[in-house]
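Participant: This structure is in structure tokens; I'll ask about it shortly.
The values are calculated or read from the model by the stated rules, or taken from the named source; none is laboratory data. Note that this is a predicted model, so its numbers are computed, not measured. Using ideal geometry, Cβ is built from the backbone for each residue, glycine included, and neighbour counts are taken over all protein chains shown. The area values use the complete protein model at the heavy-atom level, side chains included, leaving out ligands, DNA and RNA. Shrake-Rupley method; radii C 1.70, N 1.55, O 1.52, S 1.80 Å.
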Amino acid sequence: DGAELMVEQQLNYSKTLGVKDDEGWGTADAVIVKGSEIQVHDLKYGQGELVSAEGNEQMQLYALGALEAFDGLAGDFTDVRMVIHQPRLGAVSEWVQPVEQLEAFRAHIRERIAIHDANPDARNPGTKQCQWCANKATCSALARKVQDEIGSDFEDLTTFNREMTEHSLSRRGHLDSDELAAAMKAADLIEIWLKAVRAEVETRLLAGQAVPGFKLVQGKKGNRKWTNEAEAEITLKAMRVKHEQMYDYSVISPTSAEKLAKAEVIGPRQWPKLQALITQAEGKPSVAPETDKRPALVMSAV
């Protein structure tokens, strides 16, 4: 149909945003060029929250990179179609944006970058905007945000926890719901920051850089395995070890069985018999912000 498909396409939007080459790029799972439309597809294979393509800044940045990379390939484009695939959630989100509106988005991002470059304190750290940032471990704005969220200098969290506990116990013996809600709102951001800090410290130590107060040590050994499985099998047979003692057997998983059904190794009339034997546990209740699109569970008060 005249369309051209490019898979695992690296897109660089540094130039169009006026930033350094390594500060504006990403990889789209697929880019499709078809006439006056260019499509950017992103596969999200996790089982987290649903992600909408509409107004999605990541997808718009990818679209800018695609326009810059392929504008000369198929002439001028009028529209960009952004599609997010989440197969494990059974969801596909699609949004078509005229190129003119995407240019307005580009101008908006350039303005934000200029403000941030002129005043780093103007950055607005948060769970969503910091989640995939490569610089969050060393970002001073995020560090200050975390410090504000926990309400104390994070040089000594033990002191903070003790003071917080004493403060609460002196009043009523426990945190009330509003205090718990405030702490919960900060939890995701703090966890993201801590994970990034741990990774950055490890990276520096592995590179031979000193991080005061920390060192690398040998971790827990991995599981034992045969250096040569075939030779181990021959040796065990020579020792006359019984067949049922030599081998571990287990029935394939429902997922593997379904693959056999799709490959027609298991026939279409046979597959329903196996489906009747499959069970799947419901997901455990988990805490989510009220903005989450999943319906709230109704629980009885204890």
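Participant: Scan the stretch 42-53 and give yes if some residue there is closer than 16 Å to LYS128 by Cα, of a type in the set (Gly, Ala, Ser) and at pLDDT 85 or above, otherwise no.
Facilitator: Looking for residues that are closer than 16 Å to LYS128 by Cα, of a type in the set (Gly, Ala, Ser) and at pLDDT 85 or above, one finds at least one in the stretch 42-53, hence yes.
Yes/no matrix, rows are residues, columns are (1) surrounded by 10 or more Cβ atoms within 10 Å (Cβ to Cβ); (2) modelled with pLDDT of 85 or more; (3) out of contact with any strand residue (DSSP E or B) (no Cβ under 7 Å at 6 or more places or on another chain); (4) of a type in the set (D, E, K, R):
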residue: LEU206; (1), (2), (3), (4): no, yes, yes, no
residue: ASN228; (1), (2), (3), (4): no, yes, yes, no
residue: GLU233; (1), (2), (3), (4): yes, yes, yes, yes
residue: ALA238; (1), (2), (3), (4): no, yes, yes, no
residue: VAL241; (1), (2), (3), (4): yes, yes, yes, no
residue: GLU244; (1), (2), (3), (4): no, yes, yes, yes
residue: ALA261; (1), (2), (3), (4): yes, yes, yes, no
residue: ARG269; (1), (2), (3), (4): no, yes, yes, yes
residue: LEU277; (1), (2), (3), (4): no, yes, yes, no
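Participant: Can you list residue pairs whose Cβ atoms sit under 8 Å apart, with the first residue in the stretch 238-264 being farther than 12 Å from LEU274 by Cβ and the second being open to solvent by 100 Å² or more (accessible area, probe 1.4 Å) and not in a loop (DSSP other than H, G, I, E, B)? Count only pairs 6 or more apart in sequence or on different chains.
Facilitator: Within 8 Å, the pairs are MET246/LYS237.
Participant: OK, next. Can you confirm whether the stretch 63-74 contains a residue that is out of contact with any Asp or Glu (no Cβ under 8 Å at 6 or more places or on another chain), open to solvent by 30 Å² or more (accessible area, probe 1.4 Å) and closer than 20 Å to GLN129 by Cβ?
Facilitator: no
Participant: Could I ask something else about it? Could you check how many residues of the stretch 33-85 are within 30 Å of SER286 (Cα to Cα) and assigned to a loop (DSSP other than H, G, I, E, B)?
Facilitator: Going through the stretch 33-85 one residue at a time, the tally reaches 13.
Participant: For the stretch 97-113, what are the residues that are open to solvent by 60 Å² or more (accessible area, probe 1.4 Å) and either touching a strand residue (DSSP E or B) at 6+ places or on another chain (Cβ under 8 Å) or more than 18 Å from GLN58 (Cβ to Cβ) (or both)?
Facilitator: Once the filter is applied, which keeps residues that are open to solvent by 60 Å² or more (accessible area, probe 1.4 Å) and either touching a strand residue (DSSP E or B) at 6+ places or on another chain (Cβ under 8 Å) or more than 18 Å from GLN58 (Cβ to Cβ) (or both), the stretch 97-113 yields GLU100, GLU111.
Participant: Oh, and also: Identify, from the list VAL298, VAL217, VAL287, the residue that is touching a residue at least 24 places away in the same chain (Cβ under 8 Å), open to solvent by 70 Å² or more (accessible area, probe 1.4 Å) and closer than 30 Å to ASP188 by Cα.
Facilitator: Answer to the check: VAL287.
Participant: Follow-up question, since we're still on this one. Which of the numbered conditions does LYS215 fail, given that it passes all the others? Conditions: (1) farther than 30 Å from SER140 by Cα; (2) in contact with a helix residue (DSSP H, G or I) (Cβ under 8 Å, 6 or more places away or on another chain).
Facilitator: The number of the failed condition is (1).
Participant: Six or more apart or on different chains, Cβ atoms under 6 Å: show the pairs whose first residue is in the stretch 128-142 and modelled with pLDDT of 70 or more and whose second is not in a helix (DSSP H, G or I).
Facilitator: Correct list of pairs: ALA141/ARG123; ALA141/PRO125; LEU142/PRO125.
Participant: Another one. When you look at TRP193, is it at negative phi and either in contact with a strand residue (DSSP E or B) (Cβ under 9 Å, 6 or more places away or on another chain) or in contact (Cβ under 8 Å) with a residue 60 or more places away in the chain (or both), yes or no?
Facilitator: yes
Participant: Does ASP188 meet the test of being out of contact with any strand residue (DSSP E or B) (no Cβ under 7 Å at 6 or more places or on another chain), open to solvent by 70 Å² or more (accessible area, probe 1.4 Å) and in contact (Cβ under 8 Å) with a residue 40 or more places away in the chain?
Facilitator: yes
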